[in-house]
Amino acid sequence: MANLVLAVLTARRIARNAAPLAFALALGGLVVLDAAERLPPLAAAAAFVALVGLLVQRARRRAAAIEASALLDLEVGALLVVATFAAVLRLDGSLDGDAHAALYVVIALVSAFARPGASLLVALAAAGLEIAVRSAVATRGAPLALDAARAAAPHIGFMAIFSVLNATILRAEIGRVRKASRTHLQAEIDRLRDDARSYRLLSAPAQARGAAQKGDDERLARSGVEEIHQSVLFALRLLRESLDLYTAVLLWQNDTGTHLRISELASDAPNLSEGPFLSGDGVFGAAITQRAPVVIGGLKPGYKLPYYVGPSPVRAVCALPVFEHGQLRGVLVVDRVEDRAFSPRELELIDEACRYAVRAIQNERVFVQLERAKVEQGKLYRAAEALGAATTEAGVIEAGVTSAREITSVDFAAVTLYDEAQKVHEIRAVSGDGGAELTGQRFRHNAGLVSMVLQNRHPLPYRGEYDEKRQVVFTRRVAPPSMPSIIVLPLVVHDRPLGTLVLGSRRRAAFNDSVRSTLEVLASHMAVSLSNARMMRRLEELATMDGLTGLLNKRAMLEVADQKITAARRFSRRLSVLVTDIDHFKKVNDTYGHDVGDVIIKGLGDVLRRAKRTTDAVARFGGEEFVVICEETDARGAMLLAERVREELGRTTFHAAGSNGPVQCQVTCSIGVATYPEAGSTWEELFKAADESLYVSKRSGRNRSTAWSPSMRSGSAHPPPAEASGPAKPAAEASAPARSGAAPAARSASVPPVPALPAARSASVPPAGAPAQARSASVPPAGAPAPARSAAGSPAPQRRPPVGGGAPAPSGPDSAPGGRRVAASSPAPGRAPGEAEPRSKPRRPSEADPASKPKTAA
């Protein structure tokens, strides 16, 4: 359906775009019919109005477009050609009249504004239309097409000549004007840059800067130069009017001090020279050499001054050197036509004008520096904002590299992280050439730039000038692309090294002093954000992960369970829950210690982690209980997974360091399975059903898996054979629960029973030759006392099965140590006599029977 809709929309778009051109072709056909046989006046008028209307509409769209497409040019050209043919035929009645010359004008016009391809197609359309018109008016029975082509050949040739000449000459002229404009504009920009550098508004050549900084510097330099020129021009005009001067000109020295050029002037002289001038010429050289004002009066007519072309009309001239902080910066020259020497008062005014010009330049320089600092602070603010918003290591790295590209020209960027414990560096992220090969590379602490930067806590190399023949960034084998400018910045927080930020540029001197200081501030912000991201990740792990196994904890599993059940309900999918519990785990802790128990818990977590799929979720719910949530899994698939986990755990031998030496032991587990939606539609219902299935596995002899079935809610003691699986049991052991089940002990709400099965057994059948105290309580030894009975002579009262069904607790593994049974406790106050007692986790008894503990573990 989506493909059909896409095809319909594409067809509509093509039809809409081709409609004007198709309409132009249809009108061309009407012109041919009109040439063969005159159309009715009303129909011809309607067609001509429609043609003119469409032509005006497309022409307006073409004029409004900044850069029109070739299709729009073709539409306008075709409509113009059709309209011209219609007008010529109506005026002359044929294509051989005087009005046919208008067609050449139209072809030339289309060649001027349309693209070359569109112009060619319009010329071909005009030729084809002329042949068609001539064929339509030719005599019947004659070879129409051939005669028409011969008759139209001269006209087609003139169309081609007009099209080619107009396109060639006009486009050549347009190209010349554009080139001249670009040259003039570039000259103005160069002059502006020279002025800015001479006024110390720019500290480095523009080609050594990045694109962003280059644009900012040019903007600041342009505004600063304009302000300086306006201030100096005001001072010169005021000086000229007050002292009756003929010319007042300020000449500024270049950086090398060899030439002077006009910075600003106020004069009515038509023969001023544009310069530049040598610093030692005439009056300029005298003022610069003496470093004092030079006043000359009584000049003869025709006296040659350097800044005039030809003889100068002035009779008195004064040149004052301009100083800035004791350094010669230029010369201020004033002259007058009147033969009157400059008085001391006038010299003071001229000197004051010099100081005013210098102050204007200094003020503008400070302003430009403040503006540049404002721009840099804005970049740092945006970088800090982006780094503060990043909450992961990848986000911090991406924000830092992006901010570095905004500060300067960066063609290569890499971030390395340092493992201080192992003394190993890892290239975590790379942007630029060779990123795929460098990402993930690890190398030891060495004498490269990355290692030296972390060791010295200082950026390297000096001034960012990199020589790949003498310097190593990472290692000899792992190297960045060849670039003339590379800088390595340390990422340090509280004097603790985190890694480095490596930046490279194909421009020379891309990392000068001003840029390097800004990048150092960026690196410090990046280091803090990287440390915060690591801390946040650690906090998330502590909040959602179990510290012993690395699996999800109960809180995280509940959130995942809600999401997965919601998705299963939304998309009508199956979902299964497995609850796993280690058999006789308390005996393991009592026999070998809790450190061995931790090893077994971690081992079961590893088994579950290996057995699960990527979409499954595994969590440690508490103690030795684990929960697995499997998406897209029915009861059969969940039982297969449960059996795989149970069998792998049974085959696993755990090795640990016990209190009496190395310990090797094996354990088994019981698993309960519940499937959505049969066992429940909410997490509480599913977990309760899986927990009931787990208790059925426990009561059925342990080391087995049980799937939930509706019969458990009916109160039956055991699930149907198809719903439970486990190892085969001997006949004697299989009959033991039947014998002992006549009088099972009821669990007390305050003192739960302790399993009597020793940790030395991995199954319910004791090994051959095992002592009597190591046997399971479900198979009583010879001479054991009969089960305890109540005072009335009837069996001891049985505990009511758990809520939702299940079997009563058998006497074997769940009986008290030493074969003793715990009497059924009376109902708690406030509970109905038939109400089920809530199940609680078995607690460690106050004292255990020493005889029930085995000496070794299998």
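A compact table of results
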read-out: Using θ = phi - 60° and Karplus 6.51 cos²θ - 1.76 cosθ + 1.60, couplings along the range 380-393 (whole Hz; Gly, Pro as x); value: 5, 5, 5, 5, 5, 5, 5, 5, x, 7, 7, 10, 10, 4
read-out: For the range 19-125, alpha-carbon Rg and Dmax in angstrom; value: 13.7, 43
read-out: Rounded accessible area of residue 329 (nearest 10 Å², 1.4 Å probe); value: 10
read-out: Surrounding net charge for residue 386, when Lys and Arg each add one and Asp and Glu each subtract one, Cβ distance under 15 Å; value: -1
read-out: Net dipole in debye of the range 576-645 [+1 Lys, Arg Cβ; -1 Asp, Glu Cβ; about Cα centre; nearest 20]; value: 180
read-out: Per residue, the convex hull volume that the Cα atoms of the range 639-683 enclose (Å³); value: 89
read-out: Residue-by-residue Karplus 3J(HN,Hα) for the range 12-17, coefficients 6.51, -1.76, 1.60, Hz, glycine and proline x; value: 5, 5, 5, 5, 5, 6
read-out: Relative contact order of the range 647-702, defined on C-alpha pairs under 8 angstrom at six or more residues apart (%); value: 29
read-out: Vicinal HN-Hα couplings computed from phi for the range 484-496 (Karplus, 6.51 cos²θ - 1.76 cosθ + 1.60; Hz; Gly/Pro x); value: x, 10, 9, 9, 10, 10, x, 10, 10, 10, 6, 6, 10
read-out: Cross-link pairs beyond the 32 Å C-alpha cut-off, checked among 586/612; 602/688; 374/469; value: 374/469
read-out: Selected from 633, 621, 650, residue furthest toward positive end of dipole (the range 608-663; charges at beta carbon); value: 650
read-out: Simple label model, 7 Å out from Cα along Cβ direction - residue 98 to residue 6, nm; value: 6.2
read-out: In nm, spacing of pseudo-spin labels at residue 394 and residue 606 (7 Å Cα→C-beta vector); value: 2.9
read-out: Residues with amide H under 5 Å from that of residue 491, placed H, sequence gap 5 or more; value: 498, 499, 500, 501
read-out: Linear extension gain, residue 457 paired with residue 160, 0.36 nm per residue minus alpha-carbon span; value: 99.6 nm
read-out: Distant-in-sequence amide H partners of residue 545 (H built 1.01 Å from N, under 5 Å); value: 553
read-out: Convex hull of the range 468-621 built on C-alpha atoms - directionally averaged projected area, nm²; value: 16.7
read-out: Leading residue at positive end of dipole, the range 346-490 (Cβ point charges), from 435, 445, 399; value: 445
read-out: Burial order of peptide ranges 79-86, 284-291 (average beta-carbon count within 10 Å, highest first); value: 79-86, 284-291
read-out: Cα-centre dipole for the range 309-415 with unit charges at Cβ (Lys and Arg positive, Asp and Glu negative), debye to 20; value: 220
read-out: Selection from 410, 387, 361 lying farthest towards where the dipole of the range 345-422 points positive, charges on Cβ; value: 361
read-out: Cβ charges +1 (Lys, Arg) and -1 (Asp, Glu), total dipole of the range 564-716, debye; value: 320
read-out: Rough spin-label spacing in nm, given labels placed 7 Å along Cα→Cβ, for residue 151 and residue 684; value: 9.8
read-out: Peptides 17-24, 541-548 ordered by average Cβ neighbours within 10 Å, highest first; value: 17-24, 541-548
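The values are calculated or read from the model by the stated rules, or taken from the named source; none is laboratory data. From a predicted model like this one, the values you see are computed outputs, not experimental measurements. No Cβ is skipped: glycine too gets one built from the backbone with ideal geometry, and neighbour counts run over all protein chains shown. What goes into the accessible areas is simple: the full protein's heavy atoms, side chains included, and nothing from ligands, DNA or RNA. Shrake-Rupley method; radii C 1.70, N 1.55, O 1.52, S 1.80 Å.
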